[in-house]
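Asks: Structure incoming, see below.
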Amino acid sequence: MTAAAGGRRGDSDVEVTLCPGGPMLLRGASHVVGEDGARHEVQRSVVAVCRCGSSARAPWCDGTHKLLA
Amino acid sequence: MKLPRARGPVSTAVFERILQARDVLAGPLRVELASGDPIEDDDLQVTLWALYELHYRSFEDVDEGWEWAPELLAVREQLEAPFERALREEVRPQVAAVVGAPGDLADRLFALTDSFEGPSLAEHIQRHATREQVQEFLLHRSVYQLKEADPHTWVIPRLEPDIKARLVELQFDEYGGGRPARVHQALYARALIEAGLDASYGAYVDDVPAITLALSNATSLFGLHRRLRAAALGHLGAVEATSSIPCRRFAAGIRRTGFSDPVAFFFDEHVEADAVHEQLALRGICAELVKATPGLEADVVFGATACLTLEARFAARLLEAWDNEEHVVPPPRQEAQVPA
Ligand code: FES
Ligand SMILES: [Fe+2]
Ligand SMILES: [Fe+2]
């Protein structure tokens, strides 16, 4: 997948955490640009971005990755 | 909220005492517990619920001075001991299978929550439930959901700074990220109102059975004892890790039966929020806590399995009644609303 994250106070403040077998957590991002090119505003202090490609709420993780095993 | 109705000798004795003005000289309160399963004991669970509630929003007809009365704490301890013992006993094999097993603790906890046996309330609500069953589900849940997150918040001051920061980050989201209308408790109240139910705090406590109260009491038990802080965090992890996918199903069932979007919104929000929270709770909080203090692993797993086993019992109870076309608690009668 391609996701671009925009930083709230400069990109250096964005922290990315990769969860094994699951999503990517973003802290400090202001928005995510999804595969469709649409801009999705970040609404909470940490967001989980889908990495498995199966979320029904892309670009956000909706837990579906757990059903893929 | 008023003090609930007494359901037996223990609650009668305790409620009689706290309906009076606080009297520091009142002396000990002697109660005798019934034998039998504490988890299903109405008298025990309602007394515990009320004693815990003194620390949350309390009751308009109870003197606030009772909160730390030693004779009430003594009764509370007398009720908590068999409740905790029963919970530990119930999950002993599952805890033993997870504690000390190879692999990352977060992975083991995810595997546990994914595979824990129990009937699926979410699947039933999604596909088969009637409007009345959806309402009944919502009213049982209100007992805990209107104080959602509060019991886990007690744990914050008991943690080291790094884990504390992670827990606060998660709880901040539960409390709406600074937006009062987005506090999860408030979203739940909104869902109740839109579903034609009473959203006032504690409204259904008198109606629900012991198992529904036990779901709430277990979190308070873990949250209010420093000794059980790891169990509280394990419980939190299990709640979060069994939420996203079920909440999607609940939301679908709520819409299928013709309820409005605001009823479903609480569940919509949890699909997304808890996909974040489960990672924070299991990886960032539970696993890190145990890395720093390995001796806490068994209690993390205990808290998680206790949550799962109570949820499974609760689900079984509702589904059994619904299978027989009955209700555990009949929802209030109302005009049938035809879906648009
Ligand atoms: S990573 Fe969770 S749904 Fe894709
Ligand atoms: Fe929540
Ligand atoms: Fe959550």
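The values are calculated or read from the model by the stated rules, or taken from the named source; none is laboratory data. The structure displayed is predicted, hence computed values, not measured ones. Every residue, glycine as well, gets a Cβ built from its backbone with ideal geometry; the counts of neighbours run over all protein chains shown. To get the accessible areas, we keep the full protein, side chains included, count just its heavy atoms, and leave off ligands, DNA and RNA. Shrake-Rupley method; radii C 1.70, N 1.55, O 1.52, S 1.80 Å.
Asks: What number of residues in segment B:206-225 are closer than 27 Å to B:Ile156 by Cα and either hydroxyl-bearing (Ser, Thr, Tyr) or not in a helix (DSSP H, G or I) (or both)?
Replies: 5
Asks: For segment A:19-69, which strands (runs of 3 or more DSSP E) that fit wholly inside it have 2 or more residues that are small (Gly, Ala, Ser)?
Replies: Per the criteria, A:29-33.
Asks: Go through segment B:192-201 and report how many residues are open to solvent by less than 20 Å² (accessible area, probe 1.4 Å) and in a loop (DSSP other than H, G, I, E, B).
Replies: Final tally of qualifying residues: 2.
Asks: Give segment B:168-183 a look and list any residue that's within 15 Å of ligand 3 (Cβ to nearest atom) and not in a loop (DSSP other than H, G, I, E, B), or say none.
Replies: Within segment B:168-183, B:Val168, B:Glu169, B:Leu170, B:Gln171, B:Phe172, B:Asp173, B:Glu174, B:Gly176, B:Gly177, B:Arg182 meet the criteria.
Asks: Report whether or not B:Val276 is open to solvent by less than 10 Å² (accessible area, probe 1.4 Å) and within 16 Å of ligand 1 (Cβ to nearest atom).
Replies: For B:Val276, the condition - open to solvent by less than 10 Å² (accessible area, probe 1.4 Å) and within 16 Å of ligand 1 (Cβ to nearest atom) - is met.
Asks: Another question about this same structure. A:Thr64 passes all but one of (1) of a type in the set (S, T, N, Q); (2) surrounded by fewer than 18 Cβ atoms within 10 Å (Cβ to Cβ); (3) closer than 21 Å to B:Thr242 by Cα; which number fails?
Replies: Every condition holds for A:Thr64 apart from (2).
Asks: Among the residues in segment B:178-191, are any within 14 Å of chain A (Cβ to nearest Cβ), open to solvent by less than 40 Å² (accessible area, probe 1.4 Å) and out of contact with any Pro (no Cβ under 9 Å at 6 or more places or on another chain)?
Replies: yes
Asks: Exactly one of these conditions fails for B:Gly258: (1) away from ligand 3 (no atom under 16 Å from the Cβ); (2) in a helix (DSSP H, G or I); (3) among the small types (Gly, Ala, Ser). Give me its number.
Replies: Tallying (1) away from ligand 3 (no atom under 16 Å from the Cβ); (2) in a helix (DSSP H, G or I); (3) among the small types (Gly, Ala, Ser), B:Gly258 fails exactly one: (2).
Asks: Just checking: which of the helices (runs of 4 or more DSSP H) contained wholly in segment B:63-167 hold 1 or more residues that are touching a helix residue (DSSP H, G or I) at 6+ places or on another chain (Cβ under 9 Å), within 14 Å of chain A (Cβ to nearest Cβ) and within 16 Å of ligand 1 (Cβ to nearest atom)?
Replies: Once the helices (runs of 4 or more DSSP H) in segment B:63-167 are filtered for at least 1 residues that are touching a helix residue (DSSP H, G or I) at 6+ places or on another chain (Cβ under 9 Å), within 14 Å of chain A (Cβ to nearest Cβ) and within 16 Å of ligand 1 (Cβ to nearest atom), what remains is B:105-115.
Asks: Then there is this: Mind listing whichever residues of segment A:13-57 are within 11 Å of another protein chain (Cβ to nearest Cβ), more than 26 Å from B:Val168 (Cβ to Cβ) and either surrounded by 15 or more Cβ atoms within 10 Å (Cβ to Cβ) or of a type in the set (Phe, Trp, Tyr) (or both)?
Replies: Scanning segment A:13-57 gives a single hit, A:Ser55.
Asks: While we're here: Return a yes/no flag: does segment B:9-24 have any residue that is in a helix (DSSP H, G or I), closer than 26 Å to B:Gly303 by Cα and away from chain A (no Cβ under 14 Å).
Replies: No, the conditions are met nowhere in segment B:9-24.
Asks: Identify the residue in segment B:14-57 that is small (Gly, Ala, Ser) and in contact (Cβ under 8 Å) with a residue 40 or more places away in the chain and, among all such residues, is surrounded by the most Cβ atoms within 10 Å (Cβ to Cβ).
Replies: Taking the candidates together, the pick is B:Ala50.
For every residue, the table says whether it meets (1) open to solvent by less than 10 Å² (accessible area, probe 1.4 Å); (2) within 14 Å of chain A (Cβ to nearest Cβ); (3) assigned to a helix (DSSP H, G or I); (4) within 16 Å of ligand 1 (Cβ to nearest atom).
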{"position": "B:Arg229", "(1), (2), (3), (4)": "no, no, yes, no"}
{"position": "B:Leu233", "(1), (2), (3), (4)": "yes, no, yes, no"}
{"position": "B:Val290", "(1), (2), (3), (4)": "no, no, yes, no"}
{"position": "B:Ala304", "(1), (2), (3), (4)": "yes, no, yes, no"}
{"position": "B:Thr309", "(1), (2), (3), (4)": "no, no, yes, no"}
{"position": "B:Ala315", "(1), (2), (3), (4)": "yes, no, yes, no"}
{"position": "B:Pro332", "(1), (2), (3), (4)": "no, no, no, no"}
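Asks: Working only within segment B:95-128, note down all residues that are more than 19 Å from B:Ser243 (Cα to Cα) and open to solvent by less than 20 Å² (accessible area, probe 1.4 Å).
Replies: B:Val98, B:Leu105
Asks: Moving on to the next point. Please name all residue pairs, on different chains or six or more residues apart, with Cβ atoms under 8 Å, provided the first residue is in segment B:149-160 and is in the same structural domain as B:Glu240 (by TED's automatic domain parsing) and the second residue is assigned to a helix (DSSP H, G or I) and of a type in the set (Asp, Glu).
Replies: B:Ala149/B:Glu174
Asks: Determine whether B:Glu269 is open to solvent by 40 Å² or more (accessible area, probe 1.4 Å) and away from ligand 1 (no atom under 16 Å from the Cβ).
Replies: Spelling it out, it is not the case that B:Glu269 is open to solvent by 40 Å² or more (accessible area, probe 1.4 Å) and away from ligand 1 (no atom under 16 Å from the Cβ).
Asks: Take the residues in segment B:209-227 that are of a type outside the set (Gly, Ala, Ser) and under 13 Å from the mean Cα position of the chain (by Cα), then tell me which one is most open to solvent (accessible area, probe 1.4 Å).
Replies: Step by step, filter segment B:209-227, then rank; the result is B:Leu215.
Asks: Moving on to the next point. State yes or no: is B:Gly258 away from every other protein chain (no Cβ under 14 Å) and over 24 Å from B:Glu123 (Cβ atoms)?
Replies: no
Asks: To continue, here is another question. If you take the residues in segment B:279-288 that are crowded, with 24+ Cβ neighbours inside 10 Å and of a type in the set (A, V, I, L, M, F, W, C), which one is nearest to the other protein chains (Cβ to nearest Cβ)?
Replies: Across segment B:279-288, the extreme among qualifying residues is B:Leu280.
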